[in-house]
1. Go through the range A:81-118 and give me each residue that's out of contact with any Ser or Thr (no Cβ under 6 Å at 6 or more places or on another chain), in contact (Cβ under 8 Å) with a residue 40 or more places away in the chain, under 22 Å from A:Glu438 (Cβ atoms) and not aliphatic (A, V, I, L, M).
2. Would you say A:Lys388 is surrounded by 18 or more Cβ atoms within 10 Å (Cβ to Cβ), away from chain B (no Cβ under 14 Å) and over 30 Å from B:Ile45 (Cβ atoms)?
3. When residues of the range A:329-362 are filtered for being under 34 Å from the mean Cα position of the chain (by Cα) and more than 21 Å from A:Asp319 (Cβ to Cβ), how many remain?
4. Take the range A:393-440 and flag every residue that is more than 14 Å from every other protein chain (Cβ to nearest Cβ), under 30 Å from A:Pro119 (Cβ atoms) and either in contact with a Lys or Arg (Cβ under 8 Å, 6 or more places away or on another chain) or not in a loop (DSSP other than H, G, I, E, B) (or both).
5. Go through the range A:192-207 and give me each residue that's over 22 Å from B:Gly17 (Cα atoms) and surrounded by fewer than 24 Cβ atoms within 10 Å (Cβ to Cβ).
6. Going by the conditions given, is A:Leu219 of a type outside the set (Val, Ile, Thr), buried (at least 20 other Cβ atoms within 10 Å of the Cβ) and away from chain B (no Cβ under 13 Å)?
7. Only residues that are farther than 17 Å from B:Ala95 by Cβ and either part of a helix (DSSP H, G or I) or among the aromatic types (Phe, Trp, Tyr) (or both): list them for the range B:1-41, please.
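The values are calculated or read from the model by the stated rules, or taken from the named source; none is laboratory data. In this text, all values refer to a predicted model and were calculated from it rather than measured experimentally. Backbone-built Cβ (ideal geometry, glycine too); neighbour counts: all protein chains shown.
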Amino acid sequence: MMTRVLIPSGALGLGYDQLAMDRAIAAKPDIIAIDGGSTDSGPSYLGRGVSKYSRASTRLEWKGLMQARAEAGVPLVIGTAGTCGSDSAVDWLLDITTDIAKELGQTLKIAVLRSSQTPQHIADELAAGHLSPLSPAPEISEEAIKQFTNIVALAGAEQIQAAINTGADIIIAGRTTDTAIIAALPLMQGCHSGAAWHGAKIGECGALCATNPQSGVVLIDFDETGFTITPTADGANASPHTVSAHMLYENADPFILYEPGGHLDVTDAVYESIDGKSVRATGASWVPSERYTVKLEGARIAGYQVMTFALLRDRRYVDHAQQWADDITQKARTKAVDRLGLSEDEFTIELRLIGKNATFGDLEPENSNHRPTEIGVMGFVTADSLQKAQEIGKILNPYLLHHPLTQEEEQPTFAFQFSPAEVPVGPVYEFCLNHVMELADPMAAFRLETIEVHHG
Amino acid sequence: MAELAQFVEKVRSKNAGPFKLTIDIFCGSKDAFDHIRTALPSERIATLLRTDPERLQRFEIASLNVIKFSLDRPQVQGSIHDRDMHGASWAALIAELEI
């Protein structure tokens, strides 16, 4: 038994090499699997339930994959549709899909797997003792959960297999693990379970596990003992080093990967080169767990934010930027408390000094040898309403424009970049769940439906 | 004394989900790997990043000549005080460590 999985790229929206894709289709894959997102772009996408990629780019790439699917006559599956995998993001991609089907005259059976969870349901599951924190995890309560704007559960192989079993041409899945969409079919067809998950982890980012990583396209052949991965673009070669190094990528533990229903262990994995282009891997194992759990992700509004920006070019101010910024922060805070009747913990003002220590703040080691030409002062005000944040931003503004280092000197003026000086960022979100939820049945937290579209 | 970057091929830092950060030091050769694994105690990383040494994980992967550290993110990714959404800049702090 051999299962050939085609992975066009690390995510829909990143692009792929067309020639490499044509070659991969000619090699007759059994399924085409692509990831649609992750948490890596930040909490706002999950918080709002939207995609980070443009509709036009997504449509163009998805159309290419829908054409490739029609040519290959095999299922096309996307996991974590629309960056965050919420129901709203799934609906967005479903709308794009039906629009493309109409344009191409395709008749399709589409399976839609939904991963969103209602806050009430998750609060009830918490009360029932079905949630366990991972480490580290934010504090949660039933009351707090009800304020979350979006919660998703990460589907595993079982839910994708249920979708495959509908006989769908296209599967649009909400939040899934990156690996589940790749491992599902090989597992169904009796391939080695350790190899199925190991290959899925190696191939989750497409050709990132090879040279010429931006070419995207890889083929993975799974069988009873291992898997063989082949990038199909010119100049893209997999080596035992590039492949095994991918186990490190965005993975806290390079040997263990937790999935719904168990974990992958690659401690004893062996990698061998084939023809300098492909890599064969064996020796990984899959360890089933006693409980079936799925990971949860959630986001909530952390506040409303206003951003402002000024440049310091005067050498004396560049040299004393930290003192200047600390003084402004303190004065603006005091004035906001006095004039708006706020308490100290109702808002934050933060000035980040670009060119000095904006990336790390206090963690930045002192570097006395370095004098930047200029310093960018990026200011953030966060409060519990946008109106309040804007008011505080306007109180901060005159300081950023004119605050002198000493009272004796003539009033200075600093370089503003845009007007209005206070730019509303709007609601800002934060991740608020790092928990797993126990399920009596893998499908218990997910909804699967099929939709048929007829064109042509 | 010289910066760690002068001994190794590459240092990379990334998020490992919104709550963890992972730092991979690609030493590039067995000699560099052997040197760095002894010259870079975990306590130095914990002190530099002001993180709880008990929560700092260290992996030495001889087959890749890689030393890997994973830790709780000092600020949860994308929270209002987080300054590096993708955790990419942490590598620079490690690369500049005096060895």
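1. Result: A:Arg114, A:Ser115, A:Gln117.
2. Answer is yes for this residue.
3. Total satisfying the criteria: 7.
4. If the condition is that a residue be more than 14 Å from every other protein chain (Cβ to nearest Cβ), under 30 Å from A:Pro119 (Cβ atoms) and either in contact with a Lys or Arg (Cβ under 8 Å, 6 or more places away or on another chain) or not in a loop (DSSP other than H, G, I, E, B) (or both), then A:Pro424, A:Met437, A:Glu438 are the ones that fit.
5. Across the range A:192-207, the qualifying residues are A:His192, A:Ser193, A:Gly194.
6. yes
7. Of everything in the range B:1-41, those that are farther than 17 Å from B:Ala95 by Cβ and either part of a helix (DSSP H, G or I) or among the aromatic types (Phe, Trp, Tyr) (or both) turn out to be B:Phe19, B:Lys30, B:Asp31, B:Asp34, B:Thr38.
Here's the yes/no breakdown for (1) at pLDDT below 95; (2) closer than 30 Å to A:Arg352 by Cα; (3) in contact with a helix residue (DSSP H, G or I) (Cβ under 9 Å, 6 or more places away or on another chain):
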position: B:Leu56; (1), (2), (3): no, yes, yes
position: B:Val66; (1), (2), (3): no, no, yes
position: B:Arg73; (1), (2), (3): no, yes, no
position: B:Ser79; (1), (2), (3): no, yes, yes
position: B:Arg83; (1), (2), (3): no, yes, yes
position: B:Ala88; (1), (2), (3): no, yes, no
